[in-house]
Amino acid sequence: MLAMRDSWCMETDLLFLRDAYLRSCDAHVVETADDAVALDRTVFYPTGGGQPHDTGTITAPDAEFAVTAVRKVGPLVWHTLEGAPPAAGTTVRCDLDWERRHQLMRTHTALHILCGVIWNEWSTAVTGGNMEPLKARMDFEFDPLPEGFADRVTDLVNQEIAADRPIEVSFLDRDTALADADLIRTKVNLIPESVQVIRVVDIVGLDKQADGGTHVATTAEVGRFEITKTESKGKGNKRVRMQLS
């Protein structure tokens with residue numbers, strides 16, 4: 001019982017928040033449940049904010065496990081494994097499927113570029129979105145879409161990618177973040193009151209948002225952007241589908 005009480009006092013250290021390029025780490029199992037382990041630290045991104053979870057492997061002294069799902073429950077990140085999980089107290093090694101993670105980083109940054117371009121051109125807010133490696137969709141408050149929208153946006157986004165803008169991550173206290181008009185337009189005020197430190201992703205000179213996902217270091221790393229389809233999802237809500245190459 002003591003070990004379980006101690007685990008609930010812990011919080012998984014989310015290493016990817018500070019370094020999205022970290023591909024592996026050592027960690028300790030703090031709790032197990034069915035086919036999953038909670039770790040004291042992790043490089044694995046848990047599903048959230050429209051970004052899917054990472055995959056990869058967790059290696060214990062006597063076995064290697066494929067990671068099939070990652071979720072955050074309260075203060076802990078749980079990693080679903082193929083096979084019976086190692087016991088609490090075990091030291092393990094975490095290794096990402098780096099190709100998939102990097103594709104998600106490129107995709108997530110592309111969506112922020114898209115948001116920045118559309119906000120700067122039309123002052124139009126995002127209403128939702130989702131992504132997978134190198135493909136994504138994002139919804140905007142348009143009714144109707146402007147004439148020539150897809151070609152115009154594709155050109156502007158690729159210009160921003162070619163501009164090789166640096167992407168910076170910072171951590172602000174809640175009051176400072178709420179005082180920033182750029183962050184208020186991204187609805188940072190919808191973050192629960194319990195969150196007092198807000199992570200900010202800044203594509204310097206283009207777009208700044210409160211965001212917990214993983215991103216590349218510069219826009220040039222994103223690759224070629226293309227809008228593949230636009231759809232109407234009801235009055236005042238238009239969907240943009242994109243892909244990268």
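The values are calculated or read from the model by the stated rules, or taken from the named source; none is laboratory data. Predicted, not measured: the structure shown is a model, and the values here were computed from it. Here the Cβ positions follow ideal geometry from the backbone for every residue, glycine too, while neighbour counts run over all protein chains shown. In case anyone asks, the SASA skips ligands and DNA or RNA and just uses the protein heavy atoms, side chains included. Shrake-Rupley method; radii C 1.70, N 1.55, O 1.52, S 1.80 Å.
Residues whose amide H lies under 5 Å from that of Thr12, counting only those 5 or more places away or on a different chain, are Leu76, Val77; hydrogens are built 1.01 Å from N in the peptide plane.
Work through the residues other than Val157 whose Cβ is under 13 Å from its Cβ and net out their charges, Lys, Arg +1 and Asp, Glu -1. Residues close to Val157 contribute a combined charge of -2.
Per-peptide packing, taken as the mean over residues of other Cβ atoms within 10 Å, places 39-45, 201-207, 86-92 in the sequence 39-45, 201-207, 86-92 from highest down. Computed in the context of the full set of protein chains, the accessible area of region 1-121 at 1.4 Å probe radius has 52% of its extent on carbon or sulfur.
Averaging 1/r across all pairs of distinct Cα atoms in the chain and inverting the result yields a Kirkwood radius of 19.2 Å. Computing FRET efficiency as 1/(1 + (r/R0)^6) for Arg100 and Glu168, where r is the C-beta to C-beta distance and R0 is 22 Å, gives about 0.35.
Rolling a 1.4 Å probe over the protein heavy atoms of region 127-245, with every protein chain left in place, gives an accessible area that is 48 percent carbon and sulfur.
A Förster radius of 51 Å combined with the Cβ-Cβ distance from Asp180 to Glu82 puts the calculated FRET efficiency at roughly 0.70. Think of a 1.4 Å ball rolled over the protein heavy atoms: the chain then has 48 Å² of accessible area per residue. Straightening the chain between Val197 and Glu141 buys 17.3 nm, computed as 0.36 nm per residue apart minus the Cα-Cα spacing. With R₀ set to 41 Å, the beta-carbon distance separating Arg241 from Met10 gives a calculated FRET efficiency near 0.55. Spatially, region 97-125 and region 206-231 are offset by 2 Å when compared through their Cα centroids. In order along region 41-53, the Karplus-derived 3J(HN,Hα) couplings, from 6.51 cos²θ - 1.76 cosθ + 1.60 at θ = phi - 60°, round to 7, 7, 9, 7, 7, x, 3, x, x, x, 9, x, 5 Hz, and Gly and Pro are given as x. Measuring with a 1.4 angstrom probe and ignoring ligands and nucleic acids, Lys229 comes out at about 110 Å² accessible. Backbone N atoms of region 54-91 closer than 11 Å to the 7 Å Cα→Cβ label point of Asp34 belong to residues 80-81. Proximity of backbone amide H atoms, modeled 1.01 Å from N, is registered between Ser232 and Arg239 at under 5 Å, excluding neighbours fewer than 5 places apart on the same chain. If both residues of a DSSP beta bridge must be in the chain, then about 95% of such bridges are antiparallel. Over region 102-245, Cα pairs under 8 Å with separation of 6+ residues give a relative contact order of 34 percent.
Here the contact order of the chain, divided by its residue count and restricted to Cα pairs under 8 Å and six or more residues apart, works out to 18 percent.
Rounded to two decimals, the Cα-based Rg/Rh of region 140-245, with Kirkwood Rh, is 1.01.
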